[in-house]
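Notes follow once the structure below has been shown.
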Amino acid sequence: MATAFMVKNDGRFCRDCGGPMTRLGDGSFCENTTTKGSQKDVKDVCEALGRERRLFCEHCGEAVRLGETVCPDACCGKTAYRP
């Protein structure tokens, strides 16, 4: 498992690597690693990034500019979850 942190509010993609999250009964986890997954930024350990530090949108998985809390309109246009 790339990280043990749980993403709140049913995040579908990891904010740190852009890969799909694995949905479990009590939350979503990032299980992407350098050898598995379809993440955009390959890494073995992902950080639990806050909404102002996210690198990828948790709704659509597209890259966002650091500090932006709304995904660009070309992607999904949704606001980042809190935290």
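Summary of values
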| read-out | value |
| --- | --- |
| Net charge dipole size for the chain [Lys, Arg +1 and Asp, Glu -1 on Cβ; Debye, nearest 20] | 80 debye |
| Whole-Å semi-axes of the ellipsoid equivalent to the chain (Cα gyration tensor, √5λ, descending) | 19, 14, 11 |
| Accessible surface of the chain, 1.4 Å probe, proportion on carbon and sulfur as whole % | 51 percent |
| Eligible aspartates and glutamates near K40 by straight Cα distance, threshold 18 Å, same-chain separation 8 or greater | D16, E31, E58, E62 |
| Length-normalised contact order for the chain - Cα pairs under 8 Å, 6+ apart - percent | 29 percent |
| Residues D10 and K36, FRET efficiency given R0 of 25 Å [Cβ-Cβ distance, rounded to 0.05] | 0.70 |
| Simple spin-label estimate for R53 and R82 in nanometres, 7 Å along Cα-Cβ | 1.8 nm |
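The values are calculated or read from the model by the stated rules, or taken from the named source; none is laboratory data. Note that the coordinates shown come from a computational prediction; the quantities given were computed from them, not determined experimentally. Glycine also receives a Cβ, built like all others from the backbone with ideal geometry; neighbour counts cover every protein chain displayed. These area figures cover heavy atoms from the full protein model, side chains too; ligands, DNA and RNA do not enter into them. Shrake-Rupley method; radii C 1.70, N 1.55, O 1.52, S 1.80 Å.
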